[in-house]
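Quick notes on the structure that follows.
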Amino acid sequence: MLIANLNGFNYENLGQLLEWSPTVVVTESEYENVDSLGIKIDAVISSRLTPDLQESTLVIHSELDPVEDALDFLISEEYPSVNIIIDQINLRGFERFLGRIDLVFLTPQQRLFPIHPGFSKWKAANEPIEVLTPISNLETQGLKKISDKHYVTEKDGFYSLLFDQNFAFIAENI
């Protein structure tokens with residue numbers, strides 16, 4: 001798990017994620033906040049050496065973007081996937097990580113992730129789905145279109161997205 005910003009994030013959801021996260025990496029700006037919650041921090045992404053860290057906390061040097069530098073580190077350590085807690089996200093720039101690590105971004109309101117053509121997932125009826133990237137030749141099954149990029153599941157069951165490009169990002173409500 002990569003904690004970039006906990007601003008507004010539900011701590012109950014955080015606790016559930018921690019149950020499945022063997023490694024916790026935090027940005028320098030979130031270190032004290034996460035530490036105060038009693039969470040064991042395995043690594044901190046920092047642009048400088050940080051004193052007074054938890055015992056055995058690794059410092060990962062960041063040169064430009066702490067989230068991207070953390071992802072580079074996790075890929076180099078052969079992590080297959082990562083949950084990234086962040087308050088807001090610009091998905092541009094994360095394309096370079098696709099195919100190298102599975103990404104799931106969690107904001108206080110949404111779960112955002114990349115999908116490939118033919119993606120399908122089970123959801124309950126009336127669950128909102130938002131398509132975050134422009135998609136050419138989009139066909140949906142099990143979804144009702146609400147607006148240009150907003151859909152809702154028609155019934156309990158699987159929904160599918162078919163399209164012509166390599167990937168797209170979608171969002172679900174948490």
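Being surrounded by 17 or more Cβ atoms within 10 Å (Cβ to Cβ), in contact (Cβ under 8 Å) with a residue 12 or more places away in the chain and of a type in the set (A, V, I, L, M, F, W, C) holds for only one residue in I85, I75, and it is I85. Filtering segment 33-52 to residues that are part of a loop (DSSP other than H, G, I, E, B) and under 19 Å from S21 (Cβ atoms) leaves L37, G38, I39, K40, I41, D42.
The one condition from (1) in contact (Cβ under 8 Å) with a residue 24 or more places away in the chain; (2) within 23 Å of F169 (Cβ to Cβ); (3) among the hydrophobic types (A, V, I, L, M, F, W, C) that F105 does not meet is (1). Under the condition of being assigned to a loop (DSSP other than H, G, I, E, B) and aromatic (F, W, Y), which residue from segment 4-31 is surrounded by the most Cβ atoms within 10 Å (Cβ to Cβ)? So the residue we want is F9.
Note on segment 108-150: residues that are polar (S, T, N, Q), under 19 Å from S160 (Cβ atoms) and free of Cβ contacts under 8 Å to residues at least 24 places away in the same chain total 2. Put simply, of E139, E172 the only residue that is of a type in the set (D, E, K, R) and surrounded by 15 or more Cβ atoms within 10 Å (Cβ to Cβ) is E172.
The single condition from (1) under 29 Å from I75 (Cβ atoms); (2) touching a strand residue (DSSP E or B) at 6+ places or on another chain (Cβ under 6 Å); (3) of a type outside the set (S, T, Y) that N126 fails is (1).
Residues being surrounded by fewer than 17 Cβ atoms within 10 Å (Cβ to Cβ) and hydroxyl-bearing (S, T, Y) are entirely absent from segment 58-68.
The numbers here are math on the coordinates, done by the rules we state, and not lab data. Small disclaimer: the values here were computed from a predicted structure and weren't measured. Glycine also receives a Cβ, built like all others from the backbone with ideal geometry; neighbour counts cover every protein chain displayed.
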